[in-house]
Structures are given as C-alpha cells and as structure tokens.
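A.B. asks: Got a structure for you, questions after.
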Amino acid sequence: MNIAMNRIMKEFKEVVANESNGIELHMPEGELTRNPSNSSSNKKEIYLSGSLLGPPDTPYAGARFHVDIIVVDTYPFNPPKVRFTTKIWHPNISSVTGAICLDILKDQWAAAMTIRTVLLSLQALLATPEPDDPQDAVVANQYKKDRKLFEKTARHWANVYANGPTPEPECDAAVKSLAEMGFDEEKARAALSSMHWNTSDALESLCKA
Amino acid sequence: MDQTEVNLEDFTCSICREIFQSPVSLSCPHTYCQSCIIGLRKHSDPLSTSESIPPVSSLRSGSFSHSTHVHQSNQCFVCAICRQESLGYVRYRELENQLNTLETSCSNCSMIFTLSDLRKHLETCLPIKQHENIQTIPGTTIRQLSDSQTKALQLAQAGDNRSTFQCPFCPRANFSLTHLRQHIKKRHLGEDQRRVCPICSSMPWGDKSMISSNIYQHIKNRHQFDYDTYVNYEQDEEAMMREALQASLYNQ
C-alpha cells in the first residue's frame, strides 16, 4: 500500500502545482482509503475524483466531465480504475455506466504513467474517438454512419450533463415532448439518442422496456 | 560541485517518483530504484516484494556498457516506460556515484545535501510555516535551557540586553544577530529546526511560547536588521518596521 499511497501524494502535488490543461484532481473529504466492496481481503483502495475540460473543436468543447478514480493497492504496477460519472455520448465510453474503453487503462498500462497522464489521455480520447474499438456499440454505429447526428447528440449531452455552452433546441424539444408524456427525462434522452432522434421509434423502445 | 546544474527530474525514479535509491538499469536502458523494479517482474504479484533476486557475480558479455556488475536471474522485467522486456538488470554504478557526490539544495529549507541524503531529508522536511503554536509540537522538542542561556534570557527579558542572543541549539550565548545567523548555519543546520526564537522572545512584544518550525529561515527572513539600531522598545514591531523603512528612504 505504501508505494501506492506515496506515489499518489506526490502526483497530487504535481497536478495541483502545474496544471493548465483543464484537468483537475481531487482528494475525497474524510477517509482516503476503503476496502473494496466486493472482496473480504484487507487490500485497501484509494478513492479519488478528477475532472477534465472537453477539448476545443469537438462537441465536448467547454464542458467539464467528472471521473471517479480508484487506485488499486498494486498501483503503479496495475492501472487505476477510471469511470466517467458525468454522462457522455462517445463511442468509447458507455452512455449507461460511464465505463471507458482505453488501452492504457488495460493491457497497455505502464508503471511510469500517472493519474495526470490518464486524465490527459482521456482528454485526447474525447478529441479522437476509436469507433472500431467501441465501448458503446450504438454510439459507435452512429459515429460511423451519421457523423453530423453524432456530433449533435454529443453536444446536446454535453450541454445537459456537463455545462456545455451550446444548447441543441431540437433535441431539448424532443426530450421535453416525451417527458410530458410521463417518461423519465434521462431515459427519454437515451432512447431518442439511440433511435437517431426519431420520436416514434424512441417511444416504441421506451414502451418495450 | 556546481549546485545549480542539478535537475532533480534526471535523478527521479519514474515508479516511486523519488530520487533514485540503489539505481538499476534494464537493457532498454531505463533506470529505476532496485526496490521499485521488483514490481516490474513479468507474471508476478507486484506486492510480493519480500523475495529478493540474488546477484550473480559472473559477468555477462557487453550487453550493459555502463556497469560491471550484472545481476543475472531468470526473471523477465517489463520496462515501465517503453514496455520492452529485459532479462535481469544491472546496477548503475556511475549514477550511484553521482547520487553520492552531486549536491543540491532542498526546495523547502534551502539546506544543501547530496542527492542521496536529500531523498531521506525530503521525507521529513515540510514547507516552511512562519510560526507553529506550541501545542502542536510534541513535548520532546522543548529543551531545557542551559545556565548561560537562562541568564541571557533573564537579562534580555529584563530589558538589559537586547543586542546579543543565546543560541537556541547549544549552550553558547552572547551572539550578535549576524553571528547567531552564521553560527546556526555552520553548526546546527542538520538538526531539528523547531526552536523558540531567542530574538523574538527577548523583545517586549515577543511570544516566548512560540516555536518556529524552521528557526534558521525564521531568523534569516524575520530579523534582517539589528534591533538596537532602529528600535524604540516602547513601540510594536510593525510600527518600527515602518520607521526603519522610512529611514532607509531618507538615507538614499
């Protein structure tokens, strides 16, 4: 545990000391370490949270996305577990769970990498999606088949969930109309996004669910 | 040795992000601390650091140019930077020598250390705080004053002697401000720097229970002029500082 904790303390200072790339790293208040919920062993994990600013010239520009970072006790020899807590429309990030498909968080991790490099890589991932190695097949499909619609949807999600600067009035109206029928707004938005903003298709999928 | 040339980044292990300790190289040839490299073994539990890898004295032919000492083992290491695999590792003697000879100053307290001593020092050196309240300091750091110090302190507090001071570390007394600064720099920089400032405590406004967390820095920054020159002991310190500054303007 010691090496993981010492490294995190040093990295924390580094991020705080020199960050101009729109990434932030936060320590939780109170207890820093917890036992993993699914295990009975006494291995400790460090829970951090971070955030990154959407890169310019992308649908995510100007929006701030938050991530949960779990540092395992074998860090830095094993990668941290990272997940988006802000909902996001992106081929390599699950629109439901926030799970991320990124090689350096899996087999391409190297011990010299840091939380800072992870956050910067996530920022790069937002700028250059990899639709051929998708986490969210529906989003990836839309990205490949109808780039304009994908960008509109991503911008709408960024505006609604991440304080993005550009509203998409058509999307807002479509979500509102379904919400007025009594559907949960978040579910309505997810259904519309998956059904290429076709209201009757979205309605059908909402009724089936 | 030239102190300004040292870039700490060049001597930092990218696994623990501290100054190298017993540096070893892989064949790529990236360098890490010997204790950090154990986590890089392929197909191993990174936490079982208790097993050590026995060094073998036989030399392997020229694959590692900068060392004569080869640790051979059947272990395969995956580099943390380039992911290249290496069989075994070598001690990096040249770097080890540099760590023991190159000197640089601590960014917190500006004391000068060799790089290997700086690593140990950084574990305990905290960023300077001007004053720390006495309650937060464990009792062990509060020392008994020697006889000469007690006498000097009594004199000072009685207002009889405010131009010379006792050393907060050793029994010597009767230092002028400049000499006290030089004395601490020469004799006591390696010691725990948490001390009551003898200058502050001999002044009528001084708090005798305040412990400076770094006495040398405190004296250097806080007491930059001999009080006798400017001080009217009836005034408070701020007013005097203003007066002193004004006087310095008129002098120009």
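The values are calculated or read from the model by the stated rules, or taken from the named source; none is laboratory data. Everything numeric here is computed off the predicted structure, so don't read it as measured data. We place every Cβ from the backbone using ideal geometry, glycine too, and count neighbours over all the protein chains shown. Surface areas here come from the heavy atoms of the whole protein model, side chains and all, with no ligands, DNA or RNA. Shrake-Rupley method; radii C 1.70, N 1.55, O 1.52, S 1.80 Å.
A.B. asks: Please determine whether any residue of region B:108-130 is modelled with pLDDT under 70, more than 30 Å from B:Glu9 (Cβ to Cβ) and charged (D, E, K, R).
C.D. replies: no
A.B. asks: Within region B:77-93, count every residue that is in contact with a helix residue (DSSP H, G or I) (Cβ under 9 Å, 6 or more places away or on another chain) and farther than 13 Å from B:Ile38 by Cα.
C.D. replies: Within region B:77-93, residues that are in contact with a helix residue (DSSP H, G or I) (Cβ under 9 Å, 6 or more places away or on another chain) and farther than 13 Å from B:Ile38 by Cα number 1.
A.B. asks: Among the candidates A:Thr86, A:Thr117, A:Thr74, which residue alone is out of contact with any Asp or Glu (no Cβ under 6 Å at 6 or more places or on another chain), of a type in the set (S, T, N, Q) and either within 21 Å of A:Lys152 (Cβ to Cβ) or away from chain B (no Cβ under 14 Å) (or both)? If you could, list the steps in order and put the result at the bottom.
C.D. replies: Numbers: A:Thr117 fails: either within 21 Å of A:Lys152 (Cβ to Cβ) or away from chain B (no Cβ under 14 Å) (or both); A:Thr74 fails: either within 21 Å of A:Lys152 (Cβ to Cβ) or away from chain B (no Cβ under 14 Å) (or both).
Step by step, each of A:Thr86, A:Thr117, A:Thr74 is checked, and only A:Thr86 is out of contact with any Asp or Glu (no Cβ under 6 Å at 6 or more places or on another chain), of a type in the set (S, T, N, Q) and either within 21 Å of A:Lys152 (Cβ to Cβ) or away from chain B (no Cβ under 14 Å) (or both).
A.B. asks: Mind listing whichever residues of region B:86-101 are among the charged types (D, E, K, R) and either crowded, with 17+ Cβ neighbours inside 10 Å or modelled with pLDDT under 90 (or both)? Quick ask: steps written out before the conclusion?
C.D. replies: First, the residues of region B:86-101 that are among the charged types (D, E, K, R): B:91, B:93-94, B:96.
Selection gives B:Arg91, B:Glu96.
A.B. asks: Okay, moving on. Go through region B:9-24 and report how many residues are over 19 Å from the mean Cα position of the chain (by Cα), more than 10 Å from every other protein chain (Cβ to nearest Cβ) and either of a type in the set (A, V, I, L, M, F, W, C) or closer than 16 Å to A:Asn2 by Cα (or both).
C.D. replies: So the count comes out to 1.
A.B. asks: For region B:99-114, state whether one or more residues are part of a loop (DSSP other than H, G, I, E, B) and within 14 Å of another protein chain (Cβ to nearest Cβ).
C.D. replies: Going residue by residue through region B:99-114, those that are part of a loop (DSSP other than H, G, I, E, B) are B:102, B:106-111.
Narrowing further to those that are within 14 Å of another protein chain (Cβ to nearest Cβ): B:107-108.
Yes: region B:99-114 contains one or more residues that are part of a loop (DSSP other than H, G, I, E, B) and within 14 Å of another protein chain (Cβ to nearest Cβ).
A.B. asks: Filter region A:89-114 down to the residues that are assigned to a loop (DSSP other than H, G, I, E, B) and within 14 Å of chain B (Cβ to nearest Cβ) and list them by number.
C.D. replies: Within region A:89-114, A:Lys106, A:Asp107, A:Gln108, A:Trp109, A:Ala110, A:Ala111, A:Ala112, A:Met113, A:Thr114 meet the criteria.
A.B. asks: Next up: Taking B:Thr68 as meeting all but one of (1) out of contact with any helix residue (DSSP H, G or I) (no Cβ under 9 Å at 6 or more places or on another chain); (2) at pLDDT below 50, write down the number of the exception.
C.D. replies: (1)
A.B. asks: Could you check region A:27-49 and list, in sequence order, the residues that are open to solvent by less than 80 Å² (accessible area, probe 1.4 Å) and either among the hydroxyl-bearing types (Ser, Thr, Tyr) or at pLDDT 85 or above (or both)?
C.D. replies: Residues satisfying the conditions are A:Thr33, A:Ser39, A:Ser41, A:Glu45, A:Ile46, A:Tyr47, A:Leu48, A:Ser49.
A.B. asks: One residue is enough: does region A:140-148 have a residue meeting the conditions surrounded by fewer than 19 Cβ atoms within 10 Å (Cβ to Cβ), among the charged types (D, E, K, R) and touching a Pro at 6+ places or on another chain (Cβ under 7 Å)? Reasoning before the result, please.
C.D. replies: First pass over region A:140-148, keeping only residues surrounded by fewer than 19 Cβ atoms within 10 Å (Cβ to Cβ): A:141, A:144-148.
Restricting the remaining residues to those that are among the charged types (D, E, K, R) gives A:144-148.
With touching a Pro at 6+ places or on another chain (Cβ under 7 Å) added as a condition, the list becomes A:144.
Yes - at least one qualifying residue is present in region A:140-148.
A.B. asks: Take the conditions within 21 Å of A:Gly50 (Cα to Cα) and either loosely packed, with under 15 Cβ neighbours inside 10 Å or in the same structural domain as A:Thr58 (by the TED database) (or both) and apply them to A:Thr128. Does it pass? Let's see the steps before the verdict.
C.D. replies: On the way: within 21 Å of A:Gly50 (Cα to Cα): yes; either loosely packed, with under 15 Cβ neighbours inside 10 Å or in the same structural domain as A:Thr58 (by the TED database) (or both): yes.
Yes; evaluated as a whole, the condition is true for this residue.
A.B. asks: Answer yes if at least one residue in region A:57-67 is more than 11 Å from the chain's Cα centre (by Cα) and within 14 Å of chain B (Cβ to nearest Cβ), and no otherwise.
C.D. replies: No, the conditions are met nowhere in region A:57-67.
A.B. asks: Quick one: which residue in A:Thr199, A:Thr153 is surrounded by fewer than 20 Cβ atoms within 10 Å (Cβ to Cβ), in contact with a Ser or Thr (Cβ under 9 Å, 6 or more places away or on another chain) and not assigned by the TED database to the domain that holds A:Asp73?
C.D. replies: So the residue among A:Thr199, A:Thr153 that is surrounded by fewer than 20 Cβ atoms within 10 Å (Cβ to Cβ), in contact with a Ser or Thr (Cβ under 9 Å, 6 or more places away or on another chain) and not assigned by the TED database to the domain that holds A:Asp73 is A:Thr199.
A.B. asks: Separate question: State the number of residues belonging to region A:83-94 that are open to solvent by less than 20 Å² (accessible area, probe 1.4 Å) and touching a residue at least 40 places away in the same chain (Cβ under 8 Å). Quick ask: steps written out before the conclusion?
C.D. replies: As a first pass, look at region A:83-94 and keep what is open to solvent by less than 20 Å² (accessible area, probe 1.4 Å): A:84, A:86, A:88-94.
Remaining after also requiring touching a residue at least 40 places away in the same chain (Cβ under 8 Å): A:86, A:88-94.
Of the residues in that region, 8 qualify.
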